[in-house]
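To start, I am sharing the structure in question, which I have written as structure tokens.
The values are calculated or read from the model by the stated rules, or taken from the named source; none is laboratory data. In this text the structure is predicted, and so the values were computed from the model without any measurement. Backbone-built Cβ (ideal geometry, glycine too); neighbour counts: all protein chains shown.
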Amino acid sequence: MKDLALIMGTASILIGLFLLLAPDSLEKIGKKTNRFYNLDSVVFKNRLIFGLLLMLASFFLIYVTYFA
């Protein structure tokens, strides 16, 4: 269970960093993967907020998993 939390937390940090630093790369990936419902317009309009919240949530997940 701890391994899964670490993987998910790390993936969330990476996605948050992409939202903050390289949104164009993430948008290209999103165009290939979003086939059912497209949230890109909402996320990319508020990419700084979503990126920071995602990174904070992932740091919290890792902290709770390993240190609490």
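For the range 18-54, how many residues are hydrophobic (A, V, I, L, M, F, W, C), exposed (fewer than 14 other Cβ atoms within 10 Å of the Cβ) and more than 20 Å from Met8 (Cβ to Cβ)?
Matching residues across the range 18-54 total 6.
Could I ask something else about it? Taking the range 58-68 as the region of interest, how many residues are in a helix (DSSP H, G or I) and exposed (fewer than 15 other Cβ atoms within 10 Å of the Cβ)?
6
For the range 12-39, how many residues meet the condition of being touching a helix residue (DSSP H, G or I) at 6+ places or on another chain (Cβ under 8 Å) and modelled with pLDDT of 75 or more?
The qualifying residues number 14.
Which of the residues that make up the range 41-59 are touching a helix residue (DSSP H, G or I) at 6+ places or on another chain (Cβ under 8 Å) and among the small types (Gly, Ala, Ser)?
Across the range 41-59, the qualifying residues are Gly51, Ala57, Ser58.
Are any residues in the range 26-41 within 14 Å of the chain's Cα centre (by Cα) and in a helix (DSSP H, G or I), and if so, which ones?
Taking the range 26-41 as the starting set, the residues that turn out to be within 14 Å of the chain's Cα centre (by Cα) are 26-27, 29-30, 39-40.
Hits for the range 26-41 are Leu26, Glu27, Ile29, Gly30, Asp40.
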